[in-house]
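The values are calculated or read from the model by the stated rules, or taken from the named source; none is laboratory data. It should be emphasised that the depicted structure is a prediction, and the values quoted were computed from it without experimental measurement. Virtual Cβ from ideal backbone geometry, glycine too; neighbours counted across all protein chains shown.
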């Protein structure tokens with residue numbers, strides 16, 4: 001019979017730790033973890049450290065916990081490498097504060113792909129803490145952390161693009177990084193971007209873009225910001241006008257259900273700007289926006305039915321219905337279209353539905 005492997009020993013320890021299929025028994029869990037650790041299993045060392053840290057089955061002992069965490073880190077456990085780095089950074093649990101040692105452990109974790117560790121290494125090089133200050137190396141590590149979607153790294157790089165610090169000034173690139181920050185579950189990060197764009201002179205203080213970011217994004221998530229970025233490219237606000245990029249960002253927001261983005265995306269398909277002209281695709285997105293009571297989309301739906309485009313059968317009745325919805329919301333020109341089509345309908349006898 002083959003002897004138990006570290007993997008099976010860890011599994012048994014986990015079962016006793018959690019009471020999965022067996023009676024919960026911390027001492028039995030500790031026994032199996034120690035057996036795994038004895039065979040060089042870093043996870044076993046980490047779990048023992050956690051049990052000493054929490055006082056599970058053993059008296060709580062921070063010093064012993066730290067000792068086991070260090071062993072696990074030395075055996076390549078990425079979480080313990082970062083944890084030990086944090087202990088050296090702050091000087092806790094029997095560890096004397098040492099920024100050089102902290103950077104050493106953060107770097108080990110960073111090389112294994114820990115985004116948080118990569119960000120910390122960037123901070124150390126940026127501040128010259130525990131190492132000679134080197135902005136170039138700091139930016140490399142910030143970039144690695146951002147590539148792994150670390151929220152703080154994404155946001156900081158966005159600010160640098162916005163202000164032209166260490167990166168070429170690029171407002172659209174800045175907004176992309178702010179959006180990626182929000183997509184990591186931190187939508188309130190975008191709350192700060194409206195005032196920043198104003199202070200950098202990209203938009204006036206009372207511009208709709210600033211209002212969208214400053215007032216609505218924290219509540220509604222990233223879709224309003226994606227729409228705002230689409231508007232930037234469509235109108236050439238702070239960036240070169242680019243309908244293709246506008247369509248890309250409108251599409252992202254439209255898929256999230258943002259009515260304004262659906263309307264603008266529909267218009268781009270209708271006009272063939274940034275995308276291939278496609279009346280059916282235009283109708284699809286405009287209808288989605290119109291169903292959410294977007295008055296501009298309702299007006300466009302009226303046009304589609306009045307002209308019989310996008311695969312719909314020409315119908316003045318349907319056109320009047322959509323124009324009326326738009327008019328009820330105060331859309332300029334909608335009421336005039338209602339009167340015009342009613343006059344035509346009464347004059348030529350059209351009754352298509």
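Determine which single condition residue 233 fails, assuming it passes every other condition in (1) more than 18 Å from residue 181 (Cβ to Cβ); (2) buried (at least 21 other Cβ atoms within 10 Å of the Cβ); (3) modelled with pLDDT of 85 or more.
That leaves (3) as the condition not met.
Pairs, please: C-beta under 6 Å, at least 6 apart or cross-chain, first residue surrounded by 17 or more Cβ atoms within 10 Å (Cβ to Cβ) and in segment 272-283, second at pLDDT below 95 and assigned to a loop (DSSP other than H, G, I, E, B)?
Listed by first residue and then by second, the contacts come to 279/309; 279/310; 283/310.
Tell me, which helices (runs of 4 or more DSSP H) lie completely within segment 1-84 with 1 or more residues that are within 19 Å of residue 108 (Cβ to Cβ), modelled with pLDDT of 95 or more and in contact with a helix residue (DSSP H, G or I) (Cβ under 8 Å, 6 or more places away or on another chain)?
Numbers: elements: 6-18, 26-38, 42-54, 62-74.
Fully inside segment 1-84 and qualifying: 42-54, 62-74.
A quick yes/no check of all residues on (1) at pLDDT below 95; (2) out of contact with any helix residue (DSSP H, G or I) (no Cβ under 7 Å at 6 or more places or on another chain):
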| position | (1), (2) |
| --- | --- |
| 144 | no, no |
| 152 | yes, no |
| 164 | yes, yes |
| 168 | yes, yes |
| 175 | yes, no |
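Can you tell which of 337, 281 is at pLDDT below 95, more than 30 Å from the chain's Cα centre (by Cα) and on the phi < 0 side of the Ramachandran plot?
Values: 281 fails: more than 30 Å from the chain's Cα centre (by Cα).
When all the criteria are applied, what remains is 337.
Could you say which residue among 343, 252 is modelled with pLDDT under 90, assigned to a helix (DSSP H, G or I) and exposed (fewer than 13 other Cβ atoms within 10 Å of the Cβ)?
343 is the lone residue from the list that is modelled with pLDDT under 90, assigned to a helix (DSSP H, G or I) and exposed (fewer than 13 other Cβ atoms within 10 Å of the Cβ).
Going residue by residue through segment 189-198, is there one that turns out to be farther than 27 Å from residue 119 by Cα and either at pLDDT below 55 or in a helix (DSSP H, G or I) (or both)?
First pass over segment 189-198, keeping only residues farther than 27 Å from residue 119 by Cα: 198.
From the residues that got through so far, the ones that are either at pLDDT below 55 or in a helix (DSSP H, G or I) (or both) too are 198.
Yes, there is a match, as at least one residue in segment 189-198 is farther than 27 Å from residue 119 by Cα and either at pLDDT below 55 or in a helix (DSSP H, G or I) (or both).
Of everything in segment 13-24, what is surrounded by 14 or more Cβ atoms within 10 Å (Cβ to Cβ) and within 17 Å of residue 49 (Cα to Cα)? Give them in sequence order.
13, 14, 16, 17
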